[in-house]
Amino acid sequence: MLLLVSLTAAAETETEPDRLPNTQPLTWDGDIAARMVAGVDKFLLDEIEKSVERRTAHWKRDVSSPEAYEKSLEPNRRRLAHILGVRDERVPFDAPELVATTSQPALVGKGETYDIFAVRWPAFGDVHGEGLLLVPTNGKPIADIIAIPDADQTPEQICGLADGVPEESQFARRLAESGCRVIVPVLISREMKKRSPLGQPGRANLTNREFIYRSAYELGRHIIGYEVQKVLACVDWFSKDAGDTAAKIGAMGYGEGGMLGMYAAALDPRIDACCVSGYFGSRQNIWQEPIDRNVFGLLEQFGNAEVATMIRHLVVNDVPGPMLTLSNDGGAPGRLVSRSQGFLEVTAALMLTIDPRQKQKLGRSITIVGEYGTKPIPNYTQKALDVFFSKLNAHPAGAKDQGVPKSSLVSFDPHARQQRQLHELDRHNQQLLSESPYVRAEFMKKLDTSSLEKYEQSVEWYREYFRDEVIGRFDYELLPFNARSRNAYDEEKWTGYEVVLDVWPDVFAYGVLLVPKDLKPGEKRPVVVCQHGLEGRPQDVISGDNRAYHDFAAKLCERGFITFAPQNLYIGKDDFRTLQRKANPLGKTLFSIIVPQHQQIVNWLSTLPGVDPERIAFYGLSYGGKSAMRIPPLVKNYCLSICSADFNEWVLKNASTRAPFSYVWTGEYEIFEFDLGSTFNYAEMAALIAPRPFMVERGHFDGVGTDEWVAYEFAKVRHLYQAKLGIGDRCEIEWFVGPHTINGQGTFDFLHKHLKWPKP
């Protein structure tokens, strides 16, 4: 009973022996961790639904004139380009190159009224677009069109030079037969294969698209943006080549190609009209689709309805899209259904976004064409093609279906071309990775280290940027604690209680509080929050001598510290990983939930009479070490942070396709965070913890990284603390001979020193 009295404000307050004072009984049965994940899942799904209405706040459309309307879209265009990763400067070029060898001429096919050439063109950096060019042979083109196939179609298939697409779906050929000049880019395919670093056996089973996505996403780029850039490079050429008598420029695509055509037309008003088939619909289920469609913050501003209002003339061909199911065998699960749910709702939203009379005044249009009951339904319909031509003011003369063109292909290998395209994008990602330290240095240059006072002032801008643009912030006030507890441990030196705290509707915090039995009434003790890793539970850091944790929460309690072991969200495999998928389109992450949970935890701990609120520390291992780099920067109540078995050159660990320890090769598909390469590596995150004490615990044989890379990144932290701020005594690293585990020696000394608690 002495413990219970010591934790209440008044010794005479009556309590029950099975729970903490001033708390309600915790009566929940079952797996509380699974309950937490399910609650957050419901919360995020509700937020996705709310995003539709919230988008209106981001749009300030000026409908007074066509010019004013275009100008008013610029902030939205910049934001869309940013989140799609359309950032690299495109390379000017005079004309596409003909691709030929001694055994295969560039002329690969001929129709009655057009020739087909194999071509490539510069796009950005040293990355090229590659595909086919269809050129009319009997006069000036009536329009210039980028025809974009689905990711699992080749240019040859939609031109009729290869099997795999029915004749009625070969829309690139039909455009050429109508008198258009057509360029057909290759897309990175959804081919799945085992991936591994050089010289090692295959580890991660990824599609080609996810392979490129992983590195690009970490570096503020995206496979979608890369392929949009290839399309826009074609627009550059069309615009330059046509001169003053420019033919209209259009984009037409199916499936993935429809998505790319829409984004390209939304970003570049030089595209006069876009025809999209097999894609258009609600984006609310984007989290269920292949992860290469995951765009950070998309749903904050952009559903397909909003994107449509950025396009001059949009023709939506309502035909079934590609169908696909991807397993989670090393990569992210995902699926494509024939038509996204909510199509009718989006159609209605389109009608409401801009009044029809305003559309006419502004020279814009949205037309939806469907031909239900046609079997089989092609990838496009003739009616949609006719509407598309009308929007381009193009008038095919005597166009007819000429049948498949005559092929001149001799030794063509689509796989080799796909590999070239993959290699160029991977190489570009790795070049961005090598440049990223300089990009981050430029980003951090406003940090003033001339004094501690100026440092603490100047770092606040970066803290808010980290909160809003990297982690993601939900603008909700925390609920009252409504603390519930129950006794869980009664050991010789300490007592343990399970505790649940409300955070937001459907979101709660849960953990285990350990209190030394020698805590005296009126005494204030420091607290160490002890955070488990991936698939862990609070109990793992308390008992059972888990090989990673070695009961460090209990051992610290035996030394006199109060400890709290929270349950974090990273448990349940796909159950928690899909939380990241649901959060990302909202511009949020797992830590958008975890940070408020920890804020509520420290707020509650600070109310306990036995706790000194100025001495609450954070100590986490593995995923808990990731937490140690992301939570204390934003929960300033933590007076110090210890990162164990995780500290790294984090951007390299996520983006490298050379390092064996890279997350590119693992199943943690939720681990990638958008644009850290340009903003916050671990040294920059540590800068948000400074000037509070910070420590790294590193086992020489911990496979999360190599000593060289850990030391490289830590040297930057040490330089900040010691050389720039003159507080080197607050920054340490302990190297020990051991694996991925709590060592509990130098870190324990660090806690005793900075929490001002005597060693036993």
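The values are calculated or read from the model by the stated rules, or taken from the named source; none is laboratory data. In this text the structure is predicted, and so the values were computed from the model without any measurement. No Cβ is skipped: glycine too gets one built from the backbone with ideal geometry, and neighbour counts run over all protein chains shown. What goes into the accessible areas is simple: the full protein's heavy atoms, side chains included, and nothing from ligands, DNA or RNA. Shrake-Rupley method; radii C 1.70, N 1.55, O 1.52, S 1.80 Å.
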Going residue by residue through the stretch 533-545, the Karplus relation 6.51 cos²θ - 1.76 cosθ + 1.60 with θ = phi - 60° gives ³J(HN,Hα) values, rounded to whole Hz and with x marking Gly or Pro, of x, 3, 6, x, 9, x, 4, 5, 8, 10, 9, x, 6
Checking rank on 574-583, 210-219, with mean other Cβ inside 10 Å and highest first, the result is 210-219, 574-583
If unit charges are put on Cβ atoms (+1 for Lys and Arg, -1 for Asp and Glu) and the dipole of the chain is taken about its Cα centre, the option from N654, H700, V37 lying farthest towards the positive end turns out to be N654
Sorted by chain and number, the residues with a modelled amide H under 5 Å from that of G220, at a separation of 5 or more or across chains, are D675, L676, G677
Rounded to the nearest 10 Å², the accessible area of E464 using a 1.4 Å probe with every protein chain kept is 70 Å²
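Report the gain in length on full extension from K361 to D94: 0.36 nm times residue separation, minus Cα-Cα distance, nm rounded to one decimal.
92.5 nm
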Amide H proximity to I727 below 5 Å, modelled H, separation 5+ or other chain, gives Q722
Placing +1 on each Lys and Arg Cβ and -1 on each Asp and Glu Cβ in the chain, then taking the dipole about the Cα centre, the residue among G250, V319, Q24 whose Cα reaches farthest towards the positive end is G250
Taking E673, E469, E167 and ranking on accessible area (1.4 Å, protein atoms only), highest first, one gets E167, E469, E673
For the chain, dividing by residue count, accessible area per residue (probe 1.4 Å) in Å² works out to 37 Å²
With label points set 7 Å from each Cα along the Cα-to-Cβ direction at F443 and S543, the distance between them in nm comes to 4.4 nm
Using a 1.4 Å probe on heavy atoms of the protein chains only, the accessible area for E300 in Å², nearest 10, reads 60 Å²
About its Cα centre, the stretch 409-471 carries a charge dipole, from +1 on Lys and Arg Cβ atoms and -1 on Asp and Glu Cβ atoms, whose size in debye to the nearest 20 is 260 debye
Once both label points are put 7 Å beyond Cα along the C-beta direction, the K240-E491 separation in nm becomes 7.0 nm
With 0.36 nm assigned to each residue of separation and the Cα-Cα distance removed, E464 to E668 gains 70.7 nm
Quick calc, S407 & S103: beta-carbon distance into FRET formula, R0 22 Å, rounding 0.05, result 0.90
Charge dipole of the stretch 419-513 built from unit charges on the beta carbon (Lys, Arg +1; Asp, Glu -1), centred at mean Cα; most positive-end Cα among L478, V500, A441 is A441
Quick calc, S390 & E112: beta-carbon distance into FRET formula, R0 30 Å, rounding 0.05, result 0.80
Each label sits 7 Å from Cα toward the beta-carbon; between K140 and R61 the label points are separated, in nm, by 3.4 nm
Taking protein heavy atoms only, a 1.4 Å probe, and rounding to whole percent, the accessible area of the chain owed to carbon and sulfur comes out at 52 percent
Taking max minus min of the Cα coordinates of the stretch 659-760 on each principal axis, largest first, gives extents in Å of 44, 31, 23
Rounded to the nearest 10 Å², the accessible area of K240 using a 1.4 Å probe with every protein chain kept is 120 Å²
Cα pairs beyond 21 Å in the stretch 443-541, in percent, come to 61 percent
With +1 at each Lys and Arg Cβ and -1 at each Asp and Glu Cβ, the charge dipole magnitude of the stretch 226-286 around its Cα centre, to the nearest 20 debye, comes out at 140 debye
Reviewing (1) 55, 27, 23; (2) 46, 31, 26; (3) 45, 36, 23, the figure for semi-axes √(5λ) of the Cα gyration tensor in Å actually calculated from this model sits under (1)
Binned at 10 Å starting from 0, the alpha-carbon pair-distance distribution of the stretch 64-177 in whole percents comes out as 12, 31, 30, 21, 6, 0
Computed over the stretch 179-300, the distribution of all Cα-Cα distances in 10 Å bins, rounded to whole %, is 11, 38, 31, 15, 4, 1
Non-local residues with an amide H under 5 Å from the amide H of I366, with H modelled 1.01 Å from N and Pro and chain starts lacking one, are L314
Of 744-757, 642-655, 679-692, ordering from highest average Cβ density within 10 Å down gives 642-655, 679-692, 744-757
Burial-style ranking of 19-27, 171-179, 310-318, average other-beta-carbon count within 10 Å with highest first, yields 171-179, 310-318, 19-27
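Charges only on Cβ, +1 for Lys and Arg, -1 for Asp and Glu: so what's the dipole of the chain about the Cα centre, in debye to the nearest 20? The partial results should precede the final answer.
Values: 87 positive and 99 negative charges, 205 e Å.
The dipole of the chain has a size of about 980 debye.
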